[in-house]
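Reviewing the structure listed below.
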Amino acid sequence: MKQILTDIEAGIQKSIVQQLFFDECADRNISIFVKRDDLIHSVISGNKWRKLKYNVELCKNQKKTGIITFGGAYSNHLVATAATCKLAGLKAIGFVRGDELNASSNETLKECASLGMELNFISRAEYAKRNDKAYHETIGAEYRSMHLVPEGGANYYGIIGCQEIMTEVEEDVDDIFIAQGTTTTSCGVLLSLKNHQRLHVVPVLKGFDSIMEMRSLLTRSGIEQELIEDLLKQVVVHEDFHFGGYGKHPQSLINDIEQFYSEHKLKLDPIYTGKAMNCMLDCVQKDEFSDKTLLFIHTGGIQGGRGLINYNA
Ligand SMILES: Cc1ncc(COP(=O)(O)O)c(C=O)c1O
């Protein structure tokens, strides 16, 4: 059984860094680059491969037969896990929030099922226990040979995969923008920052405490407390760009994404990257970055916004 996947085996393209041009930027001597992780794979795109790569390697090393993970009905992470496991010859089980759903409830779930993922629909009350140690132990006892990856790939292995993103950026950037869900990707990026760089995180959940969540994930991943506190000083949280909360996408946001696509031919999604890009451009317009070089990390996720955006508009 093939249980280790190199970038090449997974069909991963090295992601490029692309410059974006805006009139406002020229006036203020701002350069904007985008790290196009959305282009690394058609299904396992963006931060998904980064988070799964070392979890798959662990399966190989520990002789695990597959991955169990968690996700909502539109989860990018579930689809990516299903596709990765299929490529690696691993079994995939997804615990999905909502026992009213089934494998044909939407395109995301249909895709997971067609990729061979076993879908286990659980109640919201049970799903609320997804990060509890005792719940993991119960699952672990039932599926002894499987490796459990938390929702959104939020574990140590996910972080070290995301740490590789900035090692592929040669531009000398000052400020980096990224959408935030579980914080795994931003924690990985934070661990590879130079000390003059600032990481701007844009949580897509309403009322999310980014710093507390990042501290907690980094602590669980074994990073020293003193280093964590030092690193967190480089983080700037933009908590007002959730557009109503997770999965909420007012028409104004959809319009902005369509307008952005027509001008730059770059697809954003309404759950994550559309909100983060909106935030970055808002900051640029408020004159916060004169003479700076900015980097937007495109974390992929276009599948989650299927049918919502008209990219031909
Ligand atoms: C497209 C996209 N961008 C950003 C994120 C947020 O990443 P993280 O959960 O690592 O904070 C996600 C969720 O995984 C995502 O699917």
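The values are calculated or read from the model by the stated rules, or taken from the named source; none is laboratory data. Please read these numbers as outputs of a predicted model, since none were measured by experiment. All Cβ positions, even for glycine, are placed from backbone atoms using ideal geometry, and neighbour counts span all protein chains on display.
See the values below:
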| read-out | value |
| --- | --- |
| When residues of the range 45-100 are limited to those that are among the β-branched types (Val, Ile, Thr) and surrounded by fewer than 24 Cβ atoms within 10 Å (Cβ to Cβ), the one farthest from the ligand (Cβ to nearest atom) | THR65 |
| Residues within the range 173-199 that are more than 16 Å from the ligand (Cβ to nearest atom) and in contact with a His (Cβ under 9 Å, 6 or more places away or on another chain), tallied | 2 |
| Whichever residue in the range 157-185 is of a type in the set (S, T, N, Q) and over 17 Å from PHE33 (Cα atoms) and, among such residues, is farthest from the chain's Cα centre (by Cα) | GLN163 |
| Enumeration of residues in the range 158-175 that are out of contact with any Ser or Thr (no Cβ under 8 Å at 6 or more places or on another chain) and among the small types (Gly, Ala, Ser) | GLY161 |
| Residue, surrounded by the most Cβ atoms within 10 Å (Cβ to Cβ), within the range 205-257, restricted to residues that are among the small types (Gly, Ala, Ser), closer than 25 Å to PRO150 by Cβ and free of Cβ contacts under 8 Å to residues at least 40 places away in the same chain | SER210 |
| Residue in the range 148-172 that is nearest to VAL204 (Cα to Cα), counting only those that are within 16 Å of the ligand (Cβ to nearest atom) and assigned to a loop (DSSP other than H, G, I, E, B) | ALA154 |
| Tabulated pairs, the range 167-192, first in the same structural domain as LYS233 (by TED's automatic domain parsing), second more than 8 Å from the ligand (Cβ to nearest atom) and aromatic (Phe, Trp, Tyr), C-beta under 6 angstrom, 6+ apart or interchain | GLU171/PHE33; PHE177/PHE296 |
| Scan of the range 290-308 for residues that are in a strand (DSSP E or B) and either surrounded by fewer than 21 Cβ atoms within 10 Å (Cβ to Cβ) or free of Cβ contacts under 8 Å to residues at least 60 places away in the same chain (or both), ordered by number | THR293 |
